[in-house]
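My structure is below; once you've seen it, I'll send some questions.
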Amino acid sequence: MKINSKNITLRQLRAFLAVADSGSFTQAADDLHISQSTLSGLIKELEKVLAVKLFDRTTRQLSLSAIGVQLYPLASRVLHDLEAMTNELNHLKALEKGVVRIAASQQLAAAILPQVMADFEALYPNIDVLIEDCAVEDVIGLVGAGVVDFGIGPARDVGQGIMRELLLNLPFYVAMPQTHPLAAKTQVAWSDLRHEKLIVLTGSFSDMLAAELPDEMAAMIKNAAHRVNFMTTAFAMASKNLGLTFCLPYSQARIKQNGLQMRPLINPQISRSSYLYRQSGRVQTDAARRFYGVLCEQLSKAQW
């Protein structure tokens, strides 16, 4: 007689495995929190559907029959696969809602995160991503205070309780109007800027750059014609021929918006690293881990 699998229930399989594991109807009934009569009924139903005897019973011993021995691993696999499926479903349902909080320095927030957020929203539309675009120095503080899941910013010293992971290491470029003579070059040496008016950012962005240059070239930054607080201001001024400014490759969209050109700086080539900062020992939510994955994927595709 052909067995109809539709007549086999999960309750029957759980009952069969419980009795096989415990070797006792009484213990199996307790384990399943059902009465012994209910358990016996489930086993009888399964034996009837399969048209086989699953257990050999004596007054002193209960053991699997020869067919029961063969059925045991098959039934175990069915319930294991079911549990794996429900666990994955619960995992996916947990991702349907949630919040990811990120602190990022203003330049990185504007240049990198919008595309990452758009990609993430397409995959997980019900997870909110909250961005705190702030000064570089504030990124570490927000991470350390546990306000955000992680921070993104340039290299900074961190104390105990914060770990960092390298995201980017990019060379400096010089930005200039399209009509500037240096725009004809594929690369610009620092010495080519000796007689140019320069626009630099106040604070650590320019100070750290100057510290990595030979004294003569560092002096060009320290004696720049203009010092401004925001890169957007520097680009706007450069577009009006008020000077040249420095940037990193991820600023290329703003470069184009301002009608500028950018060329890599060489002799020497100076690079700047950006990091992802996390609070040590903090357990990341599933939503935060997924956002991190989308971030890494987007950065790996970026053509810088």
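Please treat every number below as a calculation from the coordinates, not as lab data. None of these values were measured; they are calculated from a predicted model. Backbone-built Cβ (ideal geometry, glycine too); neighbour counts: all protein chains shown.
If N is the number of residues in the chain, what value comes out of its Cα radius of gyration divided by 2.2 N^0.38 Å?
In units of the 2.2 N^0.38 Å rule of thumb, it is 1.69.
Mean Kyte-Doolittle of at least -0.5 plus a Cα span of 20 Å or more along the axis: flag which DSSP H helices in the chain meet both, please.
Long hydrophobic helices here: 36-50, 66-94, 286-301.
Under 20 Å from the Cα of K97, which lysines turn up, not counting those fewer than eight places away in the same chain?
Here the lysines satisfying the reach criterion relative to K97 do not exist.
Just check the stretch 224-271 against the gyration tensor rule for me: Cα atoms, a ≥ b ≥ c as the square roots of the eigenvalues, rounded for a/c under 1.5, and otherwise prolate or oblate depending on whether a/b exceeds b/c.
Oblate, because a/c is 1.5 or more while a/b does not exceed b/c.
Across bins of 10 angstrom width beginning at 0, how are the C-alpha pair distances of the stretch 5-94 distributed, in whole percent?
Bin by bin from 0 Å, the calculated values are 16, 47, 27, 9, 1.
State log₁₀ I(q)/I(0) for the stretch 38-187 at q = 0.09, 0.14, 0.15, 0.19 Å⁻¹ as given by the Debye formula over alpha-carbon point scatterers of equal weight, solvent excluded.
Computed log10 I(q)/I(0) values: -0.61, -0.87, -0.94, -1.20.
Within 10 Å of each residue's Cβ, count the other Cβ atoms and sort W304, W190 from fewest upward.
In order of increasing Cβ crowding within 10 Å: W304, W190.
Could you rank the peptides 288-296, 180-188, 102-110 by their average count of other C-beta atoms within 10 Å per residue, with the highest value first?
102-110, 288-296, 180-188
Taking every pair of distinct Cα atoms and averaging 1/r, then inverting, what Kirkwood hydrodynamic radius in Å comes out for the stretch 102-143?
Computed over Cα pairs of the stretch 102-143, the Kirkwood hydrodynamic radius comes out at 10.8 Å.
Considering the zone a paramagnetic label at K44 would reach in this model (a point 7 Å from Cα along the Cα-to-Cβ line), which residues of the stretch 7-22 have amide N under 20 Å from it?
7-20
OK, next. Tell me, what is the percent relative contact order of the chain, built from C-alpha pairs under 8 Å that lie six or more residues apart?
It rounds to 20 percent for the chain.
Then there is this: Rg and Dmax of the stretch 128-193, Cα atoms, in Å?
18.0, 50
Let me ask another. For the residue pair T202 and V78, what label-to-label distance in nm results when each label sits 7 Å from Cα along the Cα-to-beta-carbon direction?
Rounded to a tenth, the inter-label distance reads 7.4 nm.
Order these by the 10 Å Cβ neighbour count, fewest first: T58, T233.
T58, T233
In addition: In deg cm²/dmol and to the nearest 500, what is the mean residue ellipticity at 222 nm of the chain if only DSSP H runs of at least 4 residues count, each as -39500 (n - 2.57), divided by the residue total?
Value at 222 nm, helices only, nearest 500: -14000 deg cm²/dmol.
When only C-alpha pairs under 8 Å and at least 6 residues apart count, what is the relative contact order of the stretch 5-94, in percent?
26
Check the straight Cα-Cα distances from K256 and name the lysines below 29 Å, setting aside those fewer than 8 residues away within the same chain.
K185, K197, K222, K240, K301
Please compute the alpha carbon radius of gyration of the stretch 176-297, then divide it by the globular-protein estimate 2.2 N^0.38 Å. Two decimals is fine.
Ratio of Cα Rg to 2.2 N^0.38 Å: 1.27.
Right, next: If packing is taken as the average count of other Cβ atoms within 10 Å, what order do 173-179, 82-88 fall into, highest mean first?
So the peptides 173-179, 82-88, ranked by packing, come out 173-179, 82-88.
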